[in-house]
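The block underneath contains the structure these notes are about, expressed in structure tokens.
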Amino acid sequence: MKKRLFLTATAVAVAALGATSAMAQADTFKIGLILPLTGQQASTGKQIEAATRLYMAQNGVNMAGKKIELIIKDDGGIPDASKRIAQELVVNDKVNVLAGFGLTPIALAVAPIATQSKTPQVIMAAATSIITEASPYIIRTSFTIPQSAVAMADWAPKNGIKKVVTLVSDYGPGIDAERFFKDRLTFNGGQVIESLRVPLRGPDFAPFLQKVRDIKPDALFVFVPSGAGAAVMKQFLERGMDKAGIKLIGTGDLTDDDQLNDMGDGALNVVTSHHYSAAHPSALNKKFVDAFEKANKGLRPNFMAVGGYDGMRVIYEALRATKGAGGGDALLAAMKGQIFESPRGPMFIDAQTRDVVHNMYLRKVEKKDGKLYNVEFDVIKDMKDPGKTR
Ligand code: PHB
């Protein structure tokens with residue numbers, strides 16, 4: 001009898017405990033943020049972490065009766081690690097949303113987990129066109145490489161650049177950059193006379209740049225992922241390629257705001273195309289840059305930070321719209337079609353493609369108040385991903 005009573009009491013206690021943790025669970029909205037905080041892509045992780053924390057500091061952690069909790073995990077930039085972490089976040093932590101994804105192979109590795117668990121996957125960094133097609137639960141707030149590459153291929157031939165060599169990192173976004181730049185440049189009457197690919201991990205640009213110097217094109221078009229631009233710039237200048245009359249152009253990853261001010265005056269006048277510059281002249285962006293620098297010991301936000309900041313906006317607003325009652329499908333539906341002003345300019349999540357539609361800017365490196373910035377001088381408005389319309 002005693003034993004039975006004890007067992008019953010224990011069962012009640014366990015049930016009560018379960019109920020409490022279930023209530024805590026129900027009152028919490030969890031965002032699992034997977035970032036490369038170590039390794040070659042660590043600057044991307046640092047920028048996105050800082051931006052998401054800033055968004056939460058500015059907007060609070062209470063929304064629709066929920067307390068928003070950010071669970072940050074470091075994947076070191078390794079797809080297998082991301083996959084394992086995503087599984088743990090979904091199964092053990094029961095996150096409502098997966099976010100981050102510093103590299104294309106990482107976004108692709110996690111996509112099946114998003115699909116199986118019906119968890120929205122918000123891509124804040126990776127930029128290969130195909131990513132959004134890897135899962136119907138993917139939404140992208142970063143950008144697509146074809147957007148940048150096509151904008152540059154439209155600008156270059158109108159500005160005396162006809163013969164170009166391309167130099168890209170040998171993986172998803174680099175292949176996109178090479179292909180979309182070449183197709184559009186050719187369409188516009190220009191010519192890619194050589195296409196060079198460098199390894200993603202630990203690249204040595206020297207032999208490739210020497211080859212370009214020998215070929216002597218009008219311009220060298222470069223895509224390397226955020227964090228690698230300064231090395232390209234340094235070696236380009238050390239070889240005197242600018243003095244030899246070879247122009248340096250690329251997607252905005254090359255003159256990354258995270259590194260630009262340390263690249264030196266040799267970077268002046270380099271023209272790139274991109275969706276975000278820390279110098280974007282809007283009141284909202286000025287406020288964003290000031291707040292970001294203040295919260296991060298003067299660190300300048302780059303396009304990765306903006307992808308993270310806008311990703312948080314999309315998640316917060318989906319939570320608000322679903323009044324805290326939504327599962328993955330309802331959240332996803334509330335993410336599609338969001339339209340708002342980002343620090344980058346106007347931005348829209350296309351409900352059909354779940355991809356970002358935004359302005360592409362042509363920018364030239366100039367000195368402002370003694371610092372190097374990408375100064376916007378032209379714009380292609382509301383650009384969809386060219387990879388979706390082929
Ligand atoms: C990507 O892996 O998709 C990627 C990473 C860094 C960039 C752009 C694209 O700057």
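How many of the residues in the range 135-175 are surrounded by fewer than 24 Cβ atoms within 10 Å (Cβ to Cβ) and touching a Gly at 6+ places or on another chain (Cβ under 8 Å)? So the answer is 4.
Residues considered: 256, 290, 265. Of these, the only one that is closer than 30 Å to residue 157 by Cβ, surrounded by fewer than 21 Cβ atoms within 10 Å (Cβ to Cβ) and of a type in the set (Asp, Glu) is 265. Among the residues of this structure, residue 178 counts as one that is under 21 Å from the mean Cα position of the chain (by Cα), among the acidic types (Asp, Glu) and surrounded by fewer than 24 Cβ atoms within 10 Å (Cβ to Cβ). For the range 197-227, the tally of residues that are within 15 Å of residue 149 (Cβ to Cβ) and either within 14 Å of the ligand (Cβ to nearest atom) or of a type in the set (A, V, I, L, M, F, W, C) (or both) stands at 7. If you check 166, 128 for being more than 12 Å from the ligand (Cβ to nearest atom) and in contact (Cβ under 8 Å) with a residue 40 or more places away in the chain, only one passes: 166. Where helices (runs of 4 or more DSSP H) fall entirely within the range 279-390, those with at least 2 residues that are among the basic types (Lys, Arg) are at 283-295, 303-321. Residues that are of a type in the set (Gly, Ala, Ser) and more than 12 Å from the chain's Cα centre (by Cα) were ranked within the range 113-125; the one that is farthest from the ligand (Cβ to nearest atom) is 117. Among the residues making up the range 236-272, those that are in a strand (DSSP E or B) and hydrophobic (A, V, I, L, M, F, W, C) are 248, 249, 271.
Each value in this text was obtained by applying a stated rule to the coordinates, not by laboratory testing. Computed from a predicted model, the values in this text were never measured in an experiment. Don't worry about glycine lacking a Cβ; one is built from the backbone with ideal geometry, like all the others, and counts go over all protein chains shown.
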